[in-house]
Amino acid sequence: MAIIRPFHAIRPTGDLAARVAALPYDVYDREEARAEALRDPLSFLNIDRPETQFEAGHDIYAPDVYVKAADMLGKEQREGILAEDPEECYYLYRLTMNGRHQTGIVACASIDDYRNGVIKKHENTREDKLQDRIRHVDVTGIQTGPIFLAYRHDEEIAQVTERVCTATPIFDFVSADGITHQGWRIDDPDDMEKIAAAFARMDRIYIADGHHRAESAVRAGLMRRERHPGYTGEEEFNYFLSVLFPDDELMIMDYNRVVRDLAGLDPEQLFEELRKVCTIRACSVEEAPSRKGEFQIYVNGQWYLAQFRPEVCSEDAVAGLDVSILQDRVLSPLFGIDDPKTDSRIEFVGGIRGWEELEKRTDKWGGIAFRMYPTSIAELMAVADSGALMPPKSTWFEPKLRSGLFMHRIGQ
């Protein structure tokens, strides 16, 4: 059973949600984060990336950086920019993009469910990124970035969601990228009981996005268990901030690859090797991959449509992913990219950036781009259910959850 609890959210007051809300901390590089933080002093990126408050050369992992985040959080609460709801409840968070919406339950999930496998993961984490978020949570005592969880559609939750969304939202705004963000409180005792009971019937839920945030929240909770050996399990540090979405409302976009060189191969040699793995024909950029197994190649100013040959495909949950076949049959043997997590010759480009970004980067380096067909939510769940892990950068979810709209205090 999945334990999903209501909580006392810390959130923006009045009509400040639009100014406070910010894309996740890891969407930006350092220069982008600094520019965004300067754009609006209320942007939550100032707190989520507190190194933006220091000179450009300052160590982003220095202790005073995390203290600064805690100071700014305290200051904004004292000034009434952020306030903590006096009653615990669930919330709804709806994001609408291009007329399609997804509506999630904002709640707290159990760190023990993460540890015992009720909460399934599909991706590895990097220790350096983990340590940054652990320090951020540990020093501030507040979880600032929600973990994006998915569950298989549940009709009872859908009925509660539909009813609550007819009420006046607690925030309603359109962000600069055109996404509509709306939120509601769920404080009716019957609705709250139905939500808790529905999740209690589920034997698994899934991390869609936010593996580093989830792992760091769990570790910060375990640290507090060591500090408080008499803990009961009810303390807030035993739970982490989440938004849980039904699987049938989620959209995964393509997550594409750009290799900076051709590994010493001339185009004729390259295509001779590629044709052992896939069929290839010239195409226009508009002929985007339309089914599993299809992908586009961009090289020397020309687009090609490719289809993996049946003999290189697999029924295995991981080996059968398009990104796995590309890695195992193309990137590793032809380009020598054996570890895409660390190889500086490969770049990953989320589909939200469009084909123009693939052309731009490929033309800059004189390399090759691979535009993939998106991994499906069903594939993600199958990998997680098998206990396996996906290759890095397999899924790109849109729209992205905003940070700063809901926070969860876990204390020290």
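Throughout, read-outs are computed from the coordinates displayed, never taken from laboratory work. This is a predicted model, so every value here is computed, not measured. Here the Cβ positions follow ideal geometry from the backbone for every residue, glycine too, while neighbour counts run over all protein chains shown.
See the values below:
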| read-out | value |
| --- | --- |
| Phi-based couplings in Hz for region 85-102 (Karplus 6.51, -1.76, 1.60; Gly and Pro marked x) | 4, x, 10, 7, 7, 8, 9, 10, 10, 10, 10, 10, 9, 6, x, 9, 10, 10 |
| Paired Rg and Dmax values of the chain, which use every Cα atom, in angstrom | 22.3, 68 |
| Rh (Kirkwood; distinct C-alpha pairs) - region 277-326, Å | 11.4 Å |
| Summed residue charge, Cβ within 12 Å of residue 114's Cβ, Lys/Arg positive, Asp/Glu negative | +3 |
| Residues in region 144-174 reached by a label modelled at residue 188 [backbone nitrogen below 11 Å; 7 Å Cα→Cβ] | 159-167 |
| Net length gained if the chain between residue 319 and residue 177 were fully extended (0.36 nm per residue, minus Cα distance) | 47.6 nm |
| Long-range amide H partners of residue 186 with built H, under 5 Å | 90, 91, 92 |
| Charge dipole magnitude, Cβ of K and R +1, D and E -1 - region 255-373, Cα centre, debye nearest 20 | 180 debye |
| Residue list for region 17-38, given a label point 7 angstrom along the Cα-to-Cβ vector of residue 83 and an amide N cut-off under 17 Å | 17-20 |
| Value at 222 nm in deg cm²/dmol, rounded to 500, when DSSP H runs of n ≥ 4 in the chain each add -39,500 (n - 2.57) | -9000 deg cm²/dmol |
| Rounded tilt (10° steps) of 189-200 against the dominant C-alpha axis of the chain | 40 degrees |
| Positive minus negative residues near residue 258 (Lys, Arg vs Asp, Glu; Cβ under 15 Å) | +1 |
| For the chain, the longest site-free run once chymotrypsin sites (Phe, Trp or Tyr not before Pro) in DSSP loop states with at most 15 other Cβ atoms within 10 Å are removed | 232-412 |
| Label point at residue 131 placed 7 Å out along Cα→Cβ; residues across region 26-63 whose backbone nitrogen lies under 15 Å | 59-63 |
| Calculated FRET efficiency for the pair residue 55/residue 248, C-beta based, R₀ 45 Å, to 0.05 | 0.40 |
| Modelled FRET efficiency - R0 25 Å, residue 279 with residue 345, Cβ distances, 0.05 increments | 0.45 |
| Charged-residue dipole, Cβ positions (Lys, Arg, Asp, Glu), the chain about Cα centre, Debye nearest 20 | 360 debye |
| Region 330-338 - phi-based ³J(HN,Hα) in whole Hz, Karplus 6.51/-1.76/1.60, Gly and Pro as x | 10, 5, 6, x, 8, 10, x, 8, 8 |
| Rel. contact order, % - alpha carbon contacts under 8 angstrom, at least six apart, the chain | 25 percent |
| In region 151-250, the GluC sites (Glu not before Pro) that fall in loop regions by DSSP, at most 10 other Cβ within 10 Å | 234 |
| For residue 349, distant residues with modelled amide H under 5 Å away | 256, 257, 258 |
| Nearest 10 degrees, 0 to 90: helix 63-78 Cα axis against the chain principal axis | 50 degrees |
| Rule-of-thumb Rg ratio for region 195-323 [Cα; 2.2 N^0.38 Å; N residues] | 1.65 |
| Where labels lie 7 Å past Cα in the beta-carbon direction, separation of residue 116 and residue 388 in nm | 2.7 nm |
| Extent along principal axes [Cα atoms of region 43-170; Å; largest to smallest] | 51, 38, 33 |
| Scattering curve values for region 255-373, log₁₀ I(q)/I(0), Debye with Cα scatterers, q = 0.10, 0.15, 0.16, 0.22 Å⁻¹ | -0.26, -0.61, -0.70, -1.47 |
